[in-house]
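Chemist: Below is one structure. I have some questions about it.
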Amino acid sequence: MASNGKVAVDKLKIGATVSIKLKDAGSCEGAVYTVDPITKTVVLFSAAEKPVTQDSRDVRLVPEHAIDSIKVVKQPDAKDKKALVAPLPAIDIAACKKRESEAYEAMEAAMAMLNPNASAAGQACFDALSKTLDCSWSGDSINVLDQVRVDAPYTEDACVSLDGNKSSLERIRKIVTAGLKKASSADDLAQAAKA
């Protein structure tokens, strides 16, 4: 203990429960997890204010320059030190690999929906069609259900039937027209917001 009644940061023992009075008139309390000897920062563990699990802990880093005084509330014992180093839960490698694979597949599917060569109108048309129908890019053209191709400038007149099915062609033309109206009204709103 220093002559001013303050326990020196580098003399704190791992596992000790301490109460720290801060220079800004605040305070904190917890078990000493470690003290960084270079930065003289105290790392405290305390019960979580908003626990996620029963083992949840709050971690607080308190640099020496922010400390007014330290009071040791309870000296550490073997049980306290052991509690600070609780074992980590087992990791299910198979579940991690599955999540990684699913995330990669989702990313590939999202990237396949983008065409860097298409115009903004073309991408908007593709997005409108792909919400309800299976679509893919074929160069700058949109292939819908392998039945209809939508070419630039992506209007209802640019829709071409690939299999002669007139009902599919009409349905896709309606979706293209609705998508264009929606995109143009969104553009109008964006222009009005800029003005």
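The values are calculated or read from the model by the stated rules, or taken from the named source; none is laboratory data. The structure displayed is predicted, hence computed values, not measured ones. Every residue, glycine as well, gets a Cβ built from its backbone with ideal geometry; the counts of neighbours run over all protein chains shown. Surface accessibility is based on the protein's heavy atoms, side chains included, excluding ligands, DNA and RNA. Shrake-Rupley method; radii C 1.70, N 1.55, O 1.52, S 1.80 Å.
Chemist: Within the stretch 128-183, how many residues are closer than 19 Å to Leu114 by Cβ and small (Gly, Ala, Ser)?
Modeler: The number of residues fulfilling the criteria is 9.
Chemist: Something else about it: State the number of residues belonging to the stretch 115-146 that are polar (S, T, N, Q), open to solvent by less than 50 Å² (accessible area, probe 1.4 Å), out of contact with any Cys (no Cβ under 8 Å at 6 or more places or on another chain) and free of Cβ contacts under 8 Å to residues at least 24 places away in the same chain. First the steps, then the outcome.
Modeler: Step one: list which residues in the stretch 115-146 are polar (S, T, N, Q), which gives 115, 117, 119, 123, 130, 132, 136, 138, 141, 143.
Applying the additional criterion that residues be open to solvent by less than 50 Å² (accessible area, probe 1.4 Å) yields 115, 123, 130, 141, 143.
Then drop every residue that is not out of contact with any Cys (no Cβ under 8 Å at 6 or more places or on another chain), which leaves 115, 123, 130, 141.
If we keep only those that are free of Cβ contacts under 8 Å to residues at least 24 places away in the same chain as well, we get 123, 130, 141.
Residues meeting the conditions: 3.
Chemist: Gly164 is checked against (1) within 38 Å of the chain's Cα centre (by Cα); (2) in a loop (DSSP other than H, G, I, E, B); (3) farther than 20 Å from Ala110 by Cβ and fails just one. What number does that condition carry?
Modeler: Of the numbered conditions (1) within 38 Å of the chain's Cα centre (by Cα); (2) in a loop (DSSP other than H, G, I, E, B); (3) farther than 20 Å from Ala110 by Cβ, the odd one out for Gly164 is (1).
Chemist: For the stretch 18-37, indicate whether the set of residues that are modelled with pLDDT of 85 or more, among the hydrophobic types (A, V, I, L, M, F, W, C) and open to solvent by 60 Å² or more (accessible area, probe 1.4 Å) is non-empty.
Modeler: No, the conditions are met nowhere in the stretch 18-37.
Chemist: Now for a different question. Condition first: loosely packed, with under 10 Cβ neighbours inside 10 Å and not in a loop (DSSP other than H, G, I, E, B). Now tell me which residues in the stretch 87-107 satisfy that.
Modeler: Taking the stretch 87-107 and keeping what is loosely packed, with under 10 Cβ neighbours inside 10 Å, we get 87-91, 93-95.
Selection gives Ile93, Ala94, Ala95.
Chemist: Scan the stretch 38-55 for residues that are at pLDDT 80 or above, more than 19 Å from Val72 (Cβ to Cβ) and either out of contact with any helix residue (DSSP H, G or I) (no Cβ under 9 Å at 6 or more places or on another chain) or of a type in the set (Gly, Ala, Ser) (or both) and jot them down.
Modeler: Ile38
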